[in-house]
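The values are calculated or read from the model by the stated rules, or taken from the named source; none is laboratory data. Note that the structure is predicted; figures quoted are calculated from it, not measured. Here the Cβ positions follow ideal geometry from the backbone for every residue, glycine too, while neighbour counts run over all protein chains shown.
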Amino acid sequence: MYNVRVAEVGTAAVDEGRIFQKTFWRIVPLLVAGYCVAFLDRVNIGFTQLQMGNAVGINAAQFGFAAGIFFLTYALLELPSNLLFQRIGARKTFLRIMFLWGLVVIATAWVTSATQFYILRLLLGAFEAGFFPGVVLYLTWWFPSAQRGRVTAVIFLALPLGGTIVGPLTGAIMSGLDGALGLQGWQWVFIVQGIPACLLGIMCYLYLHESPQTAPWLTDSEKAHLLEKLRQDEERAPAKSGHPGAATLKDPVAYLLAFVYFVPTCGFYLFNFWLPTLIRESGVSQIMNIGLLSTIPMLCGIAGLLAMNFSSDFFKERRWHLVACFLLAAGGLLMAAWLKGSTYTLLASLCVANIGLTALGPLFWTLPPTYFGRAAAATGIALVSTIGITAGFVSPSVLGYIKAQTGDLTLGIYGIAALLLICVPLLIWTVPDRAMRVGGTTD
């Protein structure tokens with residue numbers, strides 16, 4: 001899977017491929033598990049609304065609003081959380097974030113009104129704030145830029161894996177545990193899916209290390225080699241005058257990157273909050289069947305994610321891979337709007353769209369750490385993520401309103417496809433070459 005090269009550090013021969021594998025297997029699987037659980041806990045309401053709406057008295061527009069307001073507190077607290085992450089370290093931050101969000105998810109099982117639901121979604125956003133940018137920042141402490149495409153791709157596997165799991169798992173819980181201990185199926189979903197977050201937070205605290213210097217599973221020569229590679233990346237990063245955080249906040253490229261992240265995130269949450277509804281409206285009525293069919297676009301997304309991101313690292317090229325992803329996503333959504341006559345054509349179109357959308361996330365997130373450099377990474381990554389993730393509020397809320405007013409999501413799908421196409425010329429002509437650099441090269 002990995003190319004093995006030998007480099008000299010002092011007098012000790014260092015197997016670079018072995019360093020990467022040791023670091024990868026120590027860090028990445030736990031982060032993937034955490035991100036997968038975060039995704040499940042964030043979007044499971046797309047399925048629970050099929051039962052919860054009638055039980056609690058929440059309509060489609062209220063569900064869309066509840067899905068979106070999570071991102072208000074998430075975005076508001078993301079930058080402070082990431083700065084705190086840099087100050088107190090990964091282990092304490094991941095423990096705080098994951099344990100608290102798990103408790104909130106469990107508590108959601110006992111809501112009895114839309115207002116209570118809104119409050120818990122706001123708390124969930126507040127407690128989860130900083131998790132994803134913290135993961136991206138943490139990767140920059142361990143992996144040089146030439147390795148980040150494939151590593152970030154594996155981290156992002158959590159999203160389609162979570163999307164593949166959430167349908168059958170939630171459907172099985174809602175059907176199989178309905179009535180157990182006097183609780184309805186939708187309540188069991190929140191209980192069962194909230195507990196793993198608490199456990200994973202404890203595991204992160206006990207198992208992870210803050211930096212290569214403190215890793216007992218790397219030899220001294222391996223530590224030296226890895227730190228030298230990271231230092232070389234830092235030397236190639238653009239210099240910023242004044243305080244790096246303040247300079248980042250004034251940098252127009254940061255806001256350009258945030259917009260390029262915002263747009264596909266709108267499409268991503270179209271999938272993850274409204275896919276069950278789209279499938280049901282295509283003629284599928286049973287909850288378990290809806291859950292199973294929802295896995296098909298997610299599996300296609302996994303294939304696209306791996307192919308695009310490993311190809312980008314192999315060819316040391318970012319720009320045209322990103323353009324291809326945006327075109328696939330826009331084309332697939334347009335097909336879904338035009339060919340919505342049956343479940344089969346809908347799923348085929350959404351498979352094409354999700355190949356592009358799922359591959360975009362990890363490929364995009366190789367750009368901000370490369371562009372900002374280590375000194376400004378915490379601020380830059382959090383700024384881009386904070387602005388971009390507001391799509392998680394805008395997309396469900398606007399789409400919920402459109403559906404309530406028009407009866408379907410077609411107009412919203414057209415709007416997201418148009419935004420995706422606007423990003424193509426921005427990527428070709430506006431995003432600077434230094435953001436696209438891979439291992440010291442530019443495309």
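Among the residues making up region 386-432, those that are outside any helix (DSSP H, G or I) and either of a type in the set (S, T, Y) or under 22 Å from L339 (Cα atoms) (or both) are T390, G407, D408, L409, T430. Checked against the criteria, I97 counts as at pLDDT 85 or above, among the hydrophobic types (A, V, I, L, M, F, W, C) and part of a helix (DSSP H, G or I).
Only one of the listed residues (T390, T410) is touching a residue at least 24 places away in the same chain (Cβ under 8 Å) and surrounded by 17 or more Cβ atoms within 10 Å (Cβ to Cβ). That residue is T390. Out of all the residues in region 241-261, is one or more in a loop (DSSP other than H, G, I, E, B), surrounded by fewer than 23 Cβ atoms within 10 Å (Cβ to Cβ), among the hydroxyl-bearing types (S, T, Y) and modelled with pLDDT under 90? Yes, there is a match, as at least one residue in region 241-261 is in a loop (DSSP other than H, G, I, E, B), surrounded by fewer than 23 Cβ atoms within 10 Å (Cβ to Cβ), among the hydroxyl-bearing types (S, T, Y) and modelled with pLDDT under 90.
Can you spot a residue in region 374-383 that is surrounded by fewer than 24 Cβ atoms within 10 Å (Cβ to Cβ), outside any helix (DSSP H, G or I) and not polar (S, T, N, Q)? The answer is no, given that none of the residues of region 374-383 is surrounded by fewer than 24 Cβ atoms within 10 Å (Cβ to Cβ), outside any helix (DSSP H, G or I) and not polar (S, T, N, Q).
Within region 197-229, which residues are of a type in the set (D, E) and either touching a Phe, Trp or Tyr at 6+ places or on another chain (Cβ under 7 Å) or assigned to a loop (DSSP other than H, G, I, E, B) (or both)? Within region 197-229, just E210 meets the criteria. Number of residues in region 168-214 that are within 23 Å of the chain's Cα centre (by Cα) and under 20 Å from L124 (Cβ atoms): the value is 17. Scanning region 138-154 for residues that are part of a helix (DSSP H, G or I), surrounded by 24 or more Cβ atoms within 10 Å (Cβ to Cβ) and of a type in the set (A, V, I, L, M, F, W, C) returns a single hit, A153. Take A180 and tell me if it is modelled with pLDDT of 90 or more and closer than 30 Å to G64 by Cα. No; evaluated as a whole, the condition is false for this residue.
Filtering region 314-372 to residues that are in a helix (DSSP H, G or I) and free of Cβ contacts under 8 Å to residues at least 12 places away in the same chain leaves F314, F315, W338, Y344, T345. Regarding G171, is this residue modelled with pLDDT under 85, crowded, with 20+ Cβ neighbours inside 10 Å, assigned to a helix (DSSP H, G or I) and touching a strand residue (DSSP E or B) at 6+ places or on another chain (Cβ under 8 Å)? For G171, the condition - modelled with pLDDT under 85, crowded, with 20+ Cβ neighbours inside 10 Å, assigned to a helix (DSSP H, G or I) and touching a strand residue (DSSP E or B) at 6+ places or on another chain (Cβ under 8 Å) - is not met.
Considering only residues in region 94-106 that are of a type in the set (V, I, T) and in contact with a Gly (Cβ under 6 Å, 6 or more places away or on another chain), the one that is surrounded by the fewest Cβ atoms within 10 Å (Cβ to Cβ) turns out to be I106.
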